[in-house]
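> My questions all concern the structure below.
The values are calculated or read from the model by the stated rules, or taken from the named source; none is laboratory data. In this text the structure is predicted, and so the values were computed from the model without any measurement. Cβ placement follows ideal geometry from the backbone for every residue including glycine, while neighbour counts extend to all protein chains displayed. Only protein heavy atoms, including side chains, enter the accessible area calculation; ligands, DNA and RNA are left aside. Shrake-Rupley method; radii C 1.70, N 1.55, O 1.52, S 1.80 Å.
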Amino acid sequence: MTVTLNNTSLYADKNPGVRIELEGLRGIGEHSGWHSERVHMLGIHSMQWEGGTDSIVHGKWSRTLPGLDFTGLTEMEPGNTALVVTPAADGVAPIRTRMPVRILDRADYDVYSEERLVRLGIEPPSAAV
């Protein structure tokens, strides 16, 4: 997964940070550039990236953060899983956003991909003759 901070304001965001909480998800490992915030017997529950006090994201600019690998991630509560992403910066109130997650096996992903192509008006490969 790639996380990109987009500063949509005209002003620089100083000391940016991002926290990602795993709701009902387990199995993510340590990642370079991210600090594991809450670790318990089921594994890492949240991760945090800190830009540091000397770091800024200029107005109308963006910053791509270190990558995250979700290989091995499993649903502990199927149907009730999410990533909760909270960006923050000095002088800016943190905004907590819950993004539902569904983990698909290969067969389910293939079905999902074909349905998505149909919704987008693209002929799926299985329909080609």
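> I need every pair where a residue in the range 110-124 that is modelled with pLDDT under 90 has its Cβ under 6 Å from the Cβ of a residue that is part of a helix (DSSP H, G or I), sequence separation at least 6 or different chains.
Cβ pairs passing all conditions: Pro124/Glu114; Pro124/Leu117.
> Can you tell me which residue within the range 1-57, out of those that are assigned to a strand (DSSP E or B) and hydroxyl-bearing (Ser, Thr, Tyr), is least open to solvent (accessible area, probe 1.4 Å)?
For the range 1-57, the residue satisfying everything is Ser46.
> Give the residues of the range 47-67 that are among the hydroxyl-bearing types (Ser, Thr, Tyr) and either modelled with pLDDT of 95 or more or farther than 17 Å from Val3 by Cβ (or both), sorted by residue number.
Thr53, Ser62, Thr64, listed by residue number.
> Looking only at residues that are among the small types (Gly, Ala, Ser) and modelled with pLDDT under 95 in the range 68-87, which one is surrounded by the most Cβ atoms within 10 Å (Cβ to Cβ)?
The selected residue is Gly72.
> Of all residues being under 25 Å from Leu22 (Cβ atoms), hydrophobic (A, V, I, L, M, F, W, C) and assigned to a loop (DSSP other than H, G, I, E, B) in the range 88-129, which is least open to solvent (accessible area, probe 1.4 Å)? Just the residue, please.
For the range 88-129, the residue satisfying everything is Val101.
> Does Arg63 satisfy the condition of being within 23 Å of Arg102 (Cα to Cα), part of a strand (DSSP E or B) and open to solvent by 60 Å² or more (accessible area, probe 1.4 Å)?
Spelling it out, it is not the case that Arg63 is within 23 Å of Arg102 (Cα to Cα), part of a strand (DSSP E or B) and open to solvent by 60 Å² or more (accessible area, probe 1.4 Å).
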